[in-house]
Amino acid sequence: MFTCPVCNFATLTRPPYETWPPPPKVPLRPPYEDQLGTPSYEECSVCRFEFGAEDNPGTRPGQSFEEYRAEWLSKRQLRTSEPDGDHPEKWAALTGRFESYESVPAAQATAALLRRAAKWNDHVIARGSMHDLLFTRIGDEFPFEESLRVSWTDGIYEFLLLAKQSRLVAAADKCRAPNAEDVLDSFLVQLTGGDVPAAPSALDD
Ligand SMILES: [Zn+2]
């Protein structure tokens, strides 16, 4: 499988373009076939980007991977529910929900990270789908001014700090499990503008 350059999920059965991966340090512009050769015309099953179509629709200017990703992320955020109050309880519930997907490695990895990062449970809002997490500031509502998206694929956590209502990737990083908590801390410090909390808020019995 090949990793989709838009959503970073390993969904593609073949390389999206003839030249893949793209040569390093060459700025890419749609239509990508001008630089990367014949497109696969495969549609990603997660983000629905069709290589050779979205970036080269013919009738209008094509979308870049980054533009499409920002639009896709903001649509996904719209679909995630808005928790209000009881943040530590909701953090625990989200962790439990991920843990219940026993056969989904991404969900297990996500649950493990949520558990290790529980000290944040009263400082940011965590939302999630099966494959990724979205952290936002308490009080920030959709479209979120800033958000942190965390996903996991094949042993690698990926962090994307999105600003300007997801129109801008402000920072990005990848790491393996041993470093994930530290990397998450540094991104959440950036998101909240505060310090790393000392201990998780206890749940009310
Ligand atoms: Zn994709």
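Rule-based calculations on the coordinates, nothing more; no lab input. Everything quoted here is computed from the prediction, not taken from an experiment. Note that each Cβ is placed from the backbone with ideal geometry, even for glycine, and that neighbours are counted across all protein chains shown.
Things to note:
- DSSP H segments from the chain that extend 18 Å or more along their own axis, Cα-based, with Kyte-Doolittle mean of -1.0 or above: 87-100, 177-192
- Share of pairwise Cα separations in region 1-79, more than 19 Å, in percent: 31
- Look at the dipole of region 68-205 built from charges on Cβ: of G128, A172, F142, the Cα furthest out on the positive end belongs to A172.
- Annotation: Cα Rg of region 12-53 relative to the compact-globule expectation 2.2 N^0.38 Å equals 1.11.
- Across all directions, the average projected area of the convex hull around the alpha carbons of region 84-192 is 6.1 nm².
- Helix-only [θ]222 nm of the chain, DSSP H runs n ≥ 4, -39500 (n - 2.57) each, per residue, nearest 500: -9500 deg cm²/dmol
- Mean sequence separation of contacting Cα pairs (under 8 Å, at least six apart), scaled by the length of the chain, corresponds to a relative contact order of 14 percent.
- Lysines with Cα under 27 Å of K119, excluding same-chain neighbours fewer than 8 positions away: K90, K164, K174
- When the convex hull of its Cα atoms is viewed from all sides, the chain shows a mean projected area of 12.3 nm².
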